[in-house]
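The values are calculated or read from the model by the stated rules, or taken from the named source; none is laboratory data. Please read all numbers here as calculations on a predicted model, not as lab measurements. When we count neighbours, we look across all protein chains shown, and the Cβ atoms used for this are built from the backbone with ideal geometry, even at glycine.
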Amino acid sequence: MDLPFAENYKIKMVEPIYRSTREEREKWIHQAHYNLFNLKSNQVFIDLLTDSGTGAMSDRQWGALMTGDESYAGSSSYFHLKEKVKSIFGFDYFLPVHQGRAAENVLFSVLVKEGQLVPGNSHFDTTKGHIEFRKAKAIDCTIDEAFDTNGMHPFKGNISIDKLTQVLEQHPREQIPMIIVTLTCNSSGGQPVSMKNLREIREVADHYQIPVIFDSARFAENAWFIQNREAGYQNKSICEIVTEMYQYADGMTMSSKKDGIVNIGGILAMRREDWYQQATVYNIMFEGFITYGGMAGRDMNALAIGLEEVTDGAYLENRIRQVHYLGNQLIELGIPVQKPLGGHAVFVDAKRFLQQVPKEEYIAQTLAIELYLEAGVRGVEVGTLLADRDPLTKANRYPQLEFLRLAIPRRTYTNNHMDVVAAGLKNIFDRRDQITRGFRIVEEAPIMRHFTVKLKRK
Ligand code: F0G
């Protein structure tokens, strides 16, 4: 008999979680104005709101916290991390920042000006927010296949070279400060970008002399997909694949709360010294001195080790297997999800799940609330609420896809927890025809409204 697959770690410390009743959850979600961000963590049984900063550190990482160097300037923890960034990504110039959006803020302060265009693959909302905040525009050039959740394209994070070329052809070079490639592409379902696509983007960028920046939040998961899905990479190590990926970039922003496997932190790194010189000024203004950014020395230590652990093939095998363990259960139950399954989350196709709820009533949010009520599981809406209103017309921007994202924290839950999530969704799926109404907004912020929006049942 073949030995079954099992986690390549054992558990040294546990954190109790409370399994609430449906009555309690009815009360709590009402008090939270039907916004899952407003729930207290102890009102949630299984928290799949995000995989960001919610992972479990290893004993080596916890050990490294004790030897963090908290010197204001010249901390050894900074040099430790700088060496890791150089060895994994190949960039000489590095600035620590407190999280991913801080890296965006610093870099875009250098590069992005009013009226410019930033093409990319379904930019993450903070990325788009930082672009639009500067009165520039994010242009989505993701391949069309990404918007058909049933199509089995292996790299739905890819940029359409045709769409990209069109943008670059139709605008002067000065209007395009950079191309941003998000690895993996969170907004399209944790979908990877192929090495071939990265190479082609580089060729086009070189032709038009436009820099390429990688949003690297889940770079290692992207490398795992290249190893597993792209011809010619099966026998390459994750580190070798990452090295090749980053040859095609001029710089990177990274939320290290994901593939850094730490609870807070970020990286900004680049090849060009002139950018670095300008970025240091903004880093000092917004984040902190250049050798700590927004991070404590101990956190930089833990991050350096997290980067080592995340690029280990055995770790990634466990990680992605768990995400796919949940995703495959849902597929077997007939529940519509983004296929093929992505890296950090299972994205449930809410439009196909709840076919009766009108789009004006926030379909994916409706499903997210149903799942919370059913099983105490907190997912997150990646749909109309997240898409915000058009900055000019103020009309709702209805995205092509309405997802309920179930993001799985790294090394945190067991497969028994995944079974609860699947059973909860199955119960809702069985009675989906009875769910016909959603929600209306009673209060919302002008930008990034999904965090604070207040809703009422229709
Ligand atoms: N880029 C991507 C692709 C992200 O997924 C995120 C965060 C960021 C940038 C910003 O990083 O949160 O450290 O400031 N994504 C989280 C999520 C919030 O839940 O997907 P941050």
Just one listed residue, out of Val262, Val281, is without any contact (Cβ under 8 Å) to a residue 40 or more places away in the chain and either in the same structural domain as Asn105 (by TED's automatic domain parsing) or part of a loop (DSSP other than H, G, I, E, B) (or both), and it is Val281
Gln166 vs (1) in contact with a Cys (Cβ under 7 Å, 6 or more places away or on another chain); (2) outside any loop (DSSP other than H, G, I, E, B): all pass except (1)
Residue within region 309-319 that is within 16 Å of the ligand (Cβ to nearest atom), buried (at least 23 other Cβ atoms within 10 Å of the Cβ) and within 28 Å of Phe108 (Cα to Cα) present
yes
Cβ pairs under 6 Å, 6+ apart or interchain, first in region 377-406 and assigned by TED's automatic domain parsing to the domain that holds Gly190, second among the β-branched types (Val, Ile, Thr) and within 12 Å of the ligand (Cβ to nearest atom), ordered by first then second residue, are none
Over region 121-159, the set of residues within 16 Å of the ligand (Cβ to nearest atom), among the β-branched types (Val, Ile, Thr) and either closer than 15 Å to Phe225 by Cβ or in contact with an Asp or Glu (Cβ under 7 Å, 6 or more places away or on another chain) (or both) is Thr126, Thr127
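Of everything in region 140-180, what is of a type in the set (Asp, Glu) and either more than 23 Å from the chain's Cα centre (by Cα) or buried (at least 16 other Cβ atoms within 10 Å of the Cβ) (or both)? Give them in sequence order. Let's see the steps before the verdict.
Of region 140-180, the ones of a type in the set (Asp, Glu) are 140, 144-145, 148, 162, 169, 174.
Asp140, Glu145, Asp162, Glu169, Glu174, listed by residue number.
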If you check Gln99 against the conditions, is it in the same structural domain as Ser187 (by TED's automatic domain parsing) and within 17 Å of the chain's Cα centre (by Cα)? yes
- Residue in region 352-366 that is buried (at least 22 other Cβ atoms within 10 Å of the Cβ) and within 16 Å of the ligand (Cβ to nearest atom) present: yes
If we ask which residues in region 180-219 are within 15 Å of the ligand (Cβ to nearest atom) and farther than 23 Å from Val348 by Cα, their number turns out to be 6
* Asked: Would region 117-125 turn up any residue that is under 25 Å from Leu268 (Cβ atoms), assigned by TED's automatic domain parsing to the domain that holds Asn283, in contact with a Cys (Cβ under 7 Å, 6 or more places away or on another chain) and modelled with pLDDT under 95?
  -> yes
Selection from region 73-106 of residues in contact with a strand residue (DSSP E or B) (Cβ under 6 Å, 6 or more places away or on another chain), assigned to a helix (DSSP H, G or I) and under 19 Å from Phe289 (Cβ atoms) yields Lys82, Val85, Ala102, Ala103, Val106
If we keep only residues of region 81-120 that are among the polar types (S, T, N, Q) and near the ligand (Cβ under 10 Å from one of its atoms), then the residue surrounded by the most Cβ atoms within 10 Å (Cβ to Cβ) is Gln99
Scanning region 377-400 residue by residue, those touching a strand residue (DSSP E or B) at 6+ places or on another chain (Cβ under 7 Å) and among the aliphatic types (A, V, I, L, M) turn out to be Val377, Val380, Val382, Ala395
Flagged in region 249-258 as within 10 Å of the ligand (Cβ to nearest atom) and assigned to a loop (DSSP other than H, G, I, E, B), in numbering order, are Ser256, Lys257, Lys258
